[in-house]
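K.L.:
Dropping a structure here in structure tokens format, bear with me for questions.
FYI, it's all coordinate maths here, none of it is from the lab. Predicted, not measured: the structure shown is a model, and the values here were computed from it. Positions of Cβ are generated from backbone atoms using ideal geometry, with glycine treated the same way; all protein chains shown enter the neighbour counts.
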Amino acid sequence: MKEFGYQRALDVSGALALLDADPDARFLGGGTNLVDLMKTGVERPGRLVDVRELPLDRIETTEDGGLRIGATVSNSDLAAHPDVRRRYPALTQAVLAGASGQLRNMATVGGNLLQRTRCGYFADVTKPCNKRDPGSGCPAIKGEHHNHAILGASDHCVATHPSDLGVALTAFDAVVTYETADGPGELPLADFYLPVGDTPHLETALPQGALITGVVLPPAPVAANSRYRKVRERASYAFAIGSIAAALDVQDGVVREVRLAFGAVASRPWRARAAEAALLGGPVDAAAFAAAADAELAAARPLPHNGYKVTLMRNLVVAVLSELAEEAAR
Ligand SMILES: Cc1cc2nc3c(=O)[nH]c(=O)nc-3n(C[C@H](O)[C@H](O)[C@H](O)COP(=O)(O)OP(=O)(O)OC[C@H]3O[C@@H](n4cnc5c(N)ncnc54)[C@H](O)[C@@H]3O)c2cc1C
Ligand code: SF4
């Protein structure tokens, strides 16, 4: 493992200055992803700037009734927060479906959003990989890809984004806030992750050296009736092979509002806008849910060994919306 320096930042301007002073420096959250990748040589920073002591560890209600979640809030504290549990239950469920208790205690909100793909070729520095080493090729396309993308991929990379938290945040129109030496900025999560195209190594629209300060959730009454469902190859401590965050509001037997986002099917959390449009104002039954799933999945381009994800996601849409419809009827 390459030798590296370590410094702890105590305020935001200090953190930005430390990063600015060393082009080889990186922010360190809980280290549960970055340090693992440093051990294997995928990441090779010369300095780590620890941001966990920054005053970004609060969850507060915003003036308009949404929630502001600080970037250094641990995944455990996020999942346990009473406002999150009550107003955005899918968010709590998504976080608790990820990793393990110990990891969630360490992992931060900012780090979770920036965690890297679990593609095995990316993690193995002896293999080519366009994301790690631009222009070297993508062995996953003709190789091991049973858990790779079916939506929005390219000929250059078919990796998926592993975050469960990001899927629920995407369904609820979260906005990422950040700070740079030039001042603050924000990015809706829908624009935060870049399309893969021919530059899979460029993953987010965050400016170089930006510090994520938090995530803002707009008020969303529909989110009170929401659910996160994750399918994985073993019952716990495993990444998703498909997941869904859904929220549903029904009035007079028709869909008044609906939110749907898919996980583990694309290079980013996938907002299922075609499915949402198909459902809005329509009936609340399994046939309508299946038709909406089909509308979204018409764009799927599965590889030889991951076509099962199309069926999986269709079944998840129908199952989870049916459960939410029952809840709404109570
Ligand atoms: C065994 C195992 C199982 C896991 N299972 C799951 C799972 O099922 N679902 C899931 O979603 N995740 C899972 N994870 C991933 C885990 O959730 C992430 O590792 C974690 O959320 C990353 O957060 P962190 O604070 O530790 O980030 P770090 O590892 O500290 O950082 C990750 C990246 O974010 C950057 N960064 C951190 N904070 C900031 C900031 N404020 N501003 C700008 N950049 C920043 C770092 O520079 C780095 O590039 C698993 C991890 C492990 C090891
Ligand atoms: S899918 Fe992406 S991350 Fe995986 S080997 Fe191909 S380029 Fe690399």
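K.L.:
Take every Cα pair under 8 Å in the stretch 145-196 that's 6+ residues apart, average their separations, divide by the length, and report that relative contact order as a whole percent.
P.N.:
It comes to 31 percent, rounded to a whole number.
K.L.:
Between Thr199 and Arg330, how many nm apart are label points set 7 Å from Cα along the C-beta direction?
P.N.:
About 4.8 nm, to one decimal.
K.L.:
Any chance you could count the Lys pairs in the chain whose alpha carbons are under 21 Å apart, treating pairs 8 or more apart or on different chains as valid?
P.N.:
Going through the chain pair by pair, I get 9.
K.L.:
Which order do Phe262, Phe27 fall in if you start with the one that has the fewest other Cβ atoms within 10 Å?
P.N.:
Phe27, Phe262
K.L.:
Amide H neighbours of Val254 under 5 Å, at least 5 residues apart or on other chains, H built in the peptide plane: list them.
P.N.:
Amide H neighbours of Val254: none.
K.L.:
Given Ala277, Gly98, Asn147, which one lies farthest toward the positive end of the charge dipole of the chain, if we put +1 on the Cβ of every Lys and Arg and -1 on the Cβ of every Asp and Glu?
P.N.:
Toward the positive end, the furthest listed residue is Asn147.
K.L.:
Which ³J(HN,Hα) values in Hz, rounded to whole numbers, follow from the phi angles of the stretch 219-234 under the Karplus curve 6.51 cos²θ - 1.76 cosθ + 1.60, where θ = phi - 60° and Gly and Pro get x?
P.N.:
Rounded to whole hertz, the list is x, 8, x, 4, 5, 5, 9, 9, 8, 10, 10, 10, 10, 9, 7, 9.
K.L.:
Moving on. Under 5 Å between amide H atoms, partner at least 5 residues away or on a different chain: which partners does Ala238 have, H built in plane at 1.01 Å?
P.N.:
HN-HN under 5 Å from Ala238: Ala99.
K.L.:
Per 20 Å bin, what is the whole-percent P(r) computed from every C-alpha pair distance within the chain?
P.N.:
Bin by bin from 0 Å, the calculated values are 32, 58, 10, 0.
K.L.:
Sticking with this one: Simple spin-label model, 7 Å along Cα-to-Cβ: Thr311 to Val254 in nm?
P.N.:
Modelled inter-label distance: 3.5 nm.
K.L.:
Counting only residues 5 or more places away or on other chains, whose amide H sits under 5 Å from the amide H of Arg26 once H atoms are built in the peptide plane?
P.N.:
Here Arg47, Leu48, Val49 satisfy the definition.
K.L.:
A further question follows. Step through the residues of the stretch 284-289 one at a time and calculate ³J(HN,Hα) from phi using the Karplus curve (6.51 cos²θ - 1.76 cosθ + 1.60, θ = phi - 60°), rounding each to whole Hz and writing x for Gly and Pro.
P.N.:
Result, rounded to whole Hz: 10, 8, 4, 5, 5, 5.
K.L.:
Right, here's the next one. Which ³J(HN,Hα) values, rounded to whole Hz and listed in residue order, are derived for the stretch 106-113 from phi using the Karplus coefficients 6.51, -1.76 and 1.60 in 6.51 cos²θ - 1.76 cosθ + 1.60 with θ = phi - 60°, glycine and proline given as x?
P.N.:
Karplus-based 3J(HN,Hα) across the stretch 106-113 equals 8, 5, 9, 5, x, x, 4, 5 Hz.
K.L.:
Still on this model: What number, in percent, do you get for the relative contact order of the chain if the mean sequence gap of Cα pairs under 8 Å and at least 6 apart is divided by its residue count?
P.N.:
Taking the mean separation of contacting Cα pairs over the length of the chain, I get 17 percent.
K.L.:
Another question about this same structure. Work out, step by step, the length gained on full extension between Met1 and Asp182: first 0.36 nm times the residue separation, then minus their alpha carbon distance; give nm to one decimal.
P.N.:
Between Met1 and Asp182, full extension yields an extra 61.8 nm.
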